[in-house]
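Only the coordinates and a few stated rules stand behind these numbers; no lab work does. Keep in mind that this is a model prediction, so the values were computed, not measured. All Cβ positions, glycine included, derive from the backbone under ideal geometry; neighbour counts span all protein chains shown.
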4 protein chains.
Amino acid sequence: MIRKISYKFGTAFSAGEWNINGGGSRFTAGTRAPIAMAKKLPLLRKAGVTHLEFHDTELPPDQTKKFRKLLDKEGLKTGMVTANLFRRREFINGAYDSPDPKVRKMAIDISKRYLAAGINDLDAETYVYWVGTAGFDHEFAKDHVTHIKYIVDALNQLVEFGLEQFGEDQMIPILIEPKPNEPRNYMYGGTVGDALALISMMDPKLAPWVGINPEQAHSTMAGLSYSLDLSMALAAGKLGHIHLNDQSRPAFDQDYAFGDTDPLGCFAAVWTLKKNNYNGMIGIDVQPYGTDTGDQYAESVARTIRNFKRFVACCDRIDDKKLAALQAKSDQAGVADLVAKALTGARM
Amino acid sequence: MIRKISYKFGTAFSAGEWNINGGGSRFTAGTRAPIAMAKKLPLLRKAGVTHLEFHDTELPPDQTKKFRKLLDKEGLKTGMVTANLFRRREFINGAYDSPDPKVRKMAIDISKRYLAAGINDLDAETYVYWVGTAGFDHEFAKDHVTHIKYIVDALNQLVEFGLEQFGEDQMIPILIEPKPNEPRNYMYGGTVGDALALISMMDPKLAPWVGINPEQAHSTMAGLSYSLDLSMALAAGKLGHIHLNDQSRPAFDQDYAFGDTDPLGCFAAVWTLKKNNYNGMIGIDVQPYGTDTGDQYAESVARTIRNFKRFVACCDRIDDKKLAALQAKSDQAGVADLVAKALTGARM
Amino acid sequence: MIRKISYKFGTAFSAGEWNINGGGSRFTAGTRAPIAMAKKLPLLRKAGVTHLEFHDTELPPDQTKKFRKLLDKEGLKTGMVTANLFRRREFINGAYDSPDPKVRKMAIDISKRYLAAGINDLDAETYVYWVGTAGFDHEFAKDHVTHIKYIVDALNQLVEFGLEQFGEDQMIPILIEPKPNEPRNYMYGGTVGDALALISMMDPKLAPWVGINPEQAHSTMAGLSYSLDLSMALAAGKLGHIHLNDQSRPAFDQDYAFGDTDPLGCFAAVWTLKKNNYNGMIGIDVQPYGTDTGDQYAESVARTIRNFKRFVACCDRIDDKKLAALQAKSDQAGVADLVAKALTGARM
Amino acid sequence: MIRKISYKFGTAFSAGEWNINGGGSRFTAGTRAPIAMAKKLPLLRKAGVTHLEFHDTELPPDQTKKFRKLLDKEGLKTGMVTANLFRRREFINGAYDSPDPKVRKMAIDISKRYLAAGINDLDAETYVYWVGTAGFDHEFAKDHVTHIKYIVDALNQLVEFGLEQFGEDQMIPILIEPKPNEPRNYMYGGTVGDALALISMMDPKLAPWVGINPEQAHSTMAGLSYSLDLSMALAAGKLGHIHLNDQSRPAFDQDYAFGDTDPLGCFAAVWTLKKNNYNGMIGIDVQPYGTDTGDQYAESVARTIRNFKRFVACCDRIDDKKLAALQAKSDQAGVADLVAKALTGARM
């Protein structure tokens, strides 16, 4: 099993400090002053978050031990940790998949170090590898076959290190977070299917430790169904974490609050998780609206949790037996009507 | 004004007989026997339809007078009529925009004849020009500037004919229905903006008679917002008819029932129409699911009307003053929360 | 290895008889009379095709033995065979993944029977499972986890049957052909990654017999890079066949001739195959333009082969060492310039 | 006519200083030190640029007169000027379309001031209104009809001011630059069609001064054809400027060098401009690759110009009469073959 810790459905929510930021984008100005990470903790807790997520850039491994006390004091735990393999200058053309062997080694070293810090100092539940800058802008920029294998090799090394250092008892799952594009034109490990395929290329002794962290916006950016992507990971026994947010269609990475733009997709995601007895963390990866002001730092996080609970309530409006009967006879018209009523709470 | 007849909001629904078909697609088999048009009338009426829509291929102009009696008997009227400028072999590379002057003439002649039949025999409210095969598959297939002007010229001729034949009192609005692609790679008049632009190139004396028929799926196929497209047509005083259905994202033309896949977009469309006092026909352009059986011929039409009414009920859950206040202070987070509650009927 | 027969690069081309059809689409009329399959053979051969591809609907298993003589006479062989799991009425809501156990059994039986006919009568090189109607239109139409597992189960059964009947010597590879949507809103096994993931869920003793048939248009419909998809299959040792055609962007399934709309993607695909010493069949899956006349039945096939050879010539314009050096130092600007010159043959 | 100055085709190239930047994105680090604008001038000139483009944020109106001397010294002129209506904090929810009347006034005032500076101090050829933050993230964030009219009103005011201040002789064209999304989920004036429609809603006495600046990446982001968008602007007599770059498909705004990813679309754009005797500025709006180093500040600009000239050379390979004959008989297969040969320079 790719998760070690279980929760009653919808009681454990994690979010990274980057969910609360000063705003601004490539084209727009920020609308809030950036605030220190320590000050974000109570804001996140009040929004309903129980666990934090960390990059090694905002919480470097030499500060994890000390910061842990702050977390304990605030009553927060650590959902997942992840080494930042994208914002460092060295990783501009990939990290695990860089053409430069020194850069590949650096990426693996950083990952090992933060995996260790996450286990030792933060009791992190999972470690995530977001594909980041892996991939290419120009189609001829890399010999893809070779570079895909570099990633598989790096994952093997990371798991091997973890097992050697910590043994099976302490070791935590390594989860690939796929994304199809942005910042690169095309990214390796771009979809949940691609990430599962990478795992299937790993050393069979190490592969059981690697799973997936599917993100709503990233699936939608490839025109794929998030609930189907969740289901693929579940069918493969590889659903280790989730990142909820929202995205309207294939376009720039929007990271809107869960439920803001695609309520049917979000409702279906909650239903899929519930139906399949997902008992893991409900991870959140959102951005504030560009219009959110200084009073609304954590509003996207809070709304995500509220909308999640609203969709759980919509699930409760569904008569499971009736739905199963409609599915069994391939009556999509009946399904669509039943779901429209459950979503809107219409009596008619 | 681009509409002549007005209705209380949500009381007049129109649909073409093609909304009820035998099913099947390029890749799949039909699941129902095709049925004769006369037999479709009671099915459509029972589904909630008050008005029919006709192509000249399913109801040729030499049969309109006779068929009118059937309509009267069934208590149905005619919402709009349209000459089929796509399924005839001559129109394989465009109709009004064909490189062949004989084909262009044929397209205009057919249009005139069916406009006349619609006015004379069916008391049609509007005449629609769906862009159909206008456009190209290969980028170099046409000199686009020339061919765009052919369309403008054809629209001028059609309006001129209508005014000469029927005068301003009897003449009905001509409405462009945009679609970005399928069957062609790129289509002329592909978006609501493009269609408004075509009108702006017309003879200023004739242009006031031409408006737009925006379709939900067609806007979504270009990654555009249907409520914004409706608003563009409204701002220009050109919203003459609407075609409701649903589409998940840029992909093949799905024509699902309104509300089946993008409930927020559909809710926003209803809110936009209501807010702007749209008092025209609610046109429906849907396909059955491939899984609909012989008992479900008109289920997509009926569900469209039910979902339309469900979204009207969601509109009633919105406190207009509160929404206006949030909009005025650019509080999108507040708007999103208010709308999520209105859509789901959540108390929280 | 997922292929048993090898060819000098670019000497073996296969196409199905459906590549030559009467034209027409959901919206448009055909422009050519449909012609009998036997008459298509010389047309395909003259276009440059060396091998045919067959569905069991156009060449039923009880006719394969007899038809083989026609093929031999024409000097043509069989590239791949595939049971049609989409156009039969039973498969409207999926075949291997149907909710109805009788339909699932029927799909598996048909597949076994055609695999056997392909091996016994046609000396087919590969057997293809195109996902077809697998999947759903409405997000809640199926419990995806269960239905994904049905597909894995069916693939296990098919390979097991093949090995039992024919042994490892005679057995041929089974290849999944992914497609993200159309005819369904979302399809199971929608991407190359998804298909590789399905294989990874199979019985490890049977999985080595299953590979991938990536199609250019299908990758592009999900906004993915075809050369990256080819590379994923190559890295996994699973590239068993290819289907070349062209598609401009996520939209309806266009099946244009290879090179017609995305020359850079097509050039990159040829380069990827060549660079990785692909020695398999060059499969073609195209449609005629809607404007192709009775003299142009096989023009899309012939142009695909011509364009393939043009891109091979473009590959020859690339100085491999120079490209490798640019790649090694992450110089995408240099790569882009070198590729633009190779594509256009510009001296500057 | 929407342009006042004409050039021999392909001899005048303009680019903004932002085409040369330090790199970096929402997710990635910069790879070059940012450099001062004055130092960029020789880099741009050496890359082939003859004219500069300016925002009022990088060259404020109180510095234009002084900076002009630097331009003169470097032998550069001014292609277009534009007030930055997106990166200022006030414009976070739109500028001309802000719900706040003070913000709308500020946006118009800034625009007037920079239009004046452009005419008085820089001899700018055109003034551009890029829609920037106009639009919304959440569908219910604005009453679109009202806010669209605000934009029309602002354009009227800007032209009125220009004519009053400068008269018809000195006044320069105002050009709308459409973009469908990013930074907003949906933008007003999102497509060339939408922008033409906004112009059609203007005061008929002022509208002749407003035209379009179509950008390749922006058309592609909506899945539209850039050469068709150019043609729409040409047919309407509204093509005032162009922004060349490249974009692979609907995704984040890529701004790759012209020709880097969609060579057929770029070739078609050059052919469309040449065929229609476009004699205006060739504007460039590109970003460096994330991998470009300190030696490659202006490489995307230089490659854009080189690729432009390569596509002009491809145009010269086309036999115009032959192409016209193929178009006249709707022979797309013939067109596709002719174009593939012209693009690749293949002899076969």
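For B:LYS8 and B:ARG347, what does the FRET efficiency come to when R0 = 25 Å and r is the distance between their Cβ atoms, rounded to the nearest 0.05? Write down the numbers at each step before the final one.
On the way: r = 31 Å, r/R0 = 1.23.
Once the sixth-power term is evaluated, E becomes 0.25.
D:ASP123 versus C:CYS315, label points 7 Å from Cα toward the beta carbon: distance in nm?
According to this spin-label approximation, the distance is 5.3 nm.
Simple spin-label model, 7 Å along Cα-to-Cβ: C:LYS102 to A:LYS274 in nm?
3.4 nm
Describe numerically, in nm with one decimal, the distance between label points set 7 Å from Cα along Cα→Cβ at A:ARG89 and at C:LYS205.
5.7 nm
List the distances, in nm to one decimal, from the label point of D:MET37 to the label points of the same position in every other copy, shortest first, placing each label point 7 Å from Cα along the Cα-to-Cβ direction.
Nearest first, the other copies' label points are 3.8, 6.5, 7.0 nm away.
Per-residue mean of other chain beta-carbon atoms within 10 angstrom of the beta-carbon, peptide B:233-240?
Partner Cβ neighbours, averaged per residue: 4.
Quick one: with label points 7 Å out along Cα→Cβ, list the inter-copy distances for B:PHE9 in nm, shortest first?
Once sorted, the set of distances for B:PHE9 reads 3.7, 5.3, 6.4 nm.
Please determine, in degrees from 0 to 90 and to the nearest 10, the orientation of helix C:64-74 with respect to the longest principal axis defined by the Cα atoms of chain C, where the helix direction is its Cα long axis.
It works out to around 30 degrees.
Please list, in order, the residues from region B:261-296 whose amide nitrogen is less than 12 Å from a point placed 7 Å along the Cα→Cβ vector of C:ARG26.
Within reach of a label on C:ARG26: B:286-290.
Please give the direction-averaged projected area of the C-alpha convex hull for region B:266-305, in square nanometres with one decimal. Please report the intermediate quantities before stating the final value.
On the way: hull surface 13.3 nm².
Average of the hull's projected areas for region B:266-305 equals 3.3 nm².
Report, in degrees rounded to the nearest 10, the 0 to 90 angle that the Cα long axis of helix D:144-170 makes with the longest principal axis of chain D.
90 degrees
Over region B:173-249, consider all pairs of different Cα atoms and compute the Kirkwood hydrodynamic radius from their mean reciprocal separation; express it in Å, one decimal.
Numbers: mean 1/r = 0.0811 Å⁻¹.
The answer is 12.3 Å.
Based only on the alpha carbon positions, what is the Kirkwood hydrodynamic radius of region B:1-56, in angstrom?
Values: mean 1/r = 0.0754 Å⁻¹.
Taking every pair of different Cα atoms in region B:1-56, averaging 1/r and inverting gives 13.3 Å.
Note the angle between two axes, namely the Cα long axis of helix C:226-235 and the longest principal axis of the Cα atoms of chain C, as a number of degrees from 0 to 90, rounded to the nearest 10.
Roughly 70 degrees between the two axes.
Let me have the 222 nm mean residue ellipticity of chain C computed from DSSP H runs of 4+ only, each contributing -39500 (n - 2.57), with the sum over all residues rounded to the nearest 500.
Numbers: 11 runs with 149 residues, N = 348.
So the helix-based figure for chain C works out to -13500 deg cm²/dmol.
Rounded, prolate or oblate: which fits region D:225-273 when a ≥ b ≥ c are the square roots of the eigenvalues of the alpha-carbon gyration tensor, with rounded for a/c under 1.5 and prolate only if a/b beats b/c? Show your work: numbers first, answer last.
Numbers: a/c = 2.15, a/b = 1.75, b/c = 1.23.
Prolate, since a/c reaches 1.5 and a/b exceeds b/c.
Which distances, shortest first and in nm, link B:LYS105 to the matching position in the other copies, using label points set 7 Å out along Cα to C-beta?
Taking the point 7 Å beyond Cα along Cα→Cβ, the inter-copy spacings are 6.2, 6.5, 8.0 nm.
May I ask for log10 I(q)/I(0) of chain A at q = 0.08, 0.13, 0.14 Å⁻¹, from a Debye sum over the Cα atoms as equal point scatterers with solvent left out?
-0.38, -1.02, -1.18
Among the lysines, which fall within straight-line cross-link reach of A:LYS102, defined as a Cα-Cα distance under 21 Å, with same-chain neighbours fewer than 8 residues apart omitted?
Excluding near neighbours in sequence, the set is A:LYS112, A:LYS142, A:LYS149, C:LYS329.
Taking the rotation axis that maps chain D onto chain C, which residue of D brings its Cβ closest to that axis, and at what distance in whole Å?
D:GLY345, 2
Please enumerate, by chain and number, the aspartates and glutamates with C-alpha under 13 Å from the C-alpha of C:LYS66, excluding those fewer than 8 residues away in the same chain.
C:ASP121
Quick one: net charge around B:ASP246, please, counting Lys, Arg +1 and Asp, Glu -1 for every other residue with C-beta under 9 Å from its C-beta. Can you show the working numbers first?
Values: positive: none; negative: B:ASP255, B:ASP260, B:ASP262.
So the environment of B:ASP246 carries a net charge of -3.
Rounded, prolate or oblate: which one fits region C:168-212, using the alpha carbon gyration tensor with axes a ≥ b ≥ c (rounded when a/c is under 1.5, else prolate when a/b beats b/c, else oblate)? The partial results should precede the final answer.
Details: a/c = 3.55, a/b = 2.02, b/c = 1.76.
Prolate is the answer for region C:168-212, as a/c is 1.5 or above and a/b outweighs b/c.
Within 10 Å of each Cβ in A:244-257, how many Cβ atoms from other chains are there, averaged over the peptide?
On the way: counts 0, 0, 2, 1, 13, 13, 14, 14, 11, 5, 5, 1, 5, 5.
If you average over the peptide's residues, the count of other-chain Cβ atoms is 6.
By the gyration tensor of its Cα atoms, with a ≥ b ≥ c the square roots of the eigenvalues, what is the shape of region D:1-103: rounded for a/c under 1.5, prolate for a/b over b/c, or oblate? Spell out each step's value before the answer.
On the way: a/c = 1.82, a/b = 1.26, b/c = 1.44.
Oblate, since a/c reaches 1.5 and b/c is not below a/b.
Sort the following peptides by mean Cβ neighbour count (other Cβ atoms within 10 Å, averaged over residues), highest first: C:325-338, D:214-227, B:137-150, B:65-78. Intermediate values should be presented prior to the final figure.
Numbers: C:325-338: 20.9, D:214-227: 27.1, B:137-150: 22.9, B:65-78: 14.6.
In descending order of packing, they fall as D:214-227, B:137-150, C:325-338, B:65-78.
Which FRET efficiency value, to the nearest 0.05, do you get for D:LYS39 and C:ALA324 by plugging their Cβ-Cβ distance into 1/(1 + (r/R0)^6) with R0 = 45 Å? Walk me through the numbers on the way to the answer.
Numbers: r = 34 Å, r/R0 = 0.75.
Here the calculated transfer efficiency is 0.85.
Counting only other chains, what is the mean number of Cβ atoms within 10 angstrom of the Cβ of each residue in peptide B:177-189?
Details: counts 0, 1, 1, 6, 8, 7, 7, 5, 12, 8, 3, 4, 2.
Mean number of neighbouring Cβ atoms from other chains: 5.
For region C:220-315, I need the span (max minus min coordinate) of the C-alpha atoms along each principal axis, in Å, sorted largest to smallest.
42, 28, 23
With only alpha-carbon atoms counted, please give the Rg and Dmax of region A:97-226, in Å.
Cα-based Rg and Dmax for region A:97-226 come out at 14.6, 44 Å.
Quick check: convex hull over the Cα atoms of the protein assembly as shown, volume per residue in Å³, rounded to an integer? Numbers along the way, then the final one.
On the way: hull volume 219.6 nm³, N = 1392.
Looking at the protein assembly as shown, the number lands at 158 Å³ per residue.
Rounded to the nearest 5, what is the percent of antiparallel bridges among the DSSP beta bridges in chain D?
Details: 3 of 28 bridges.
Once the DSSP bridges in chain D are tallied, antiparallel ones form about 10 percent.
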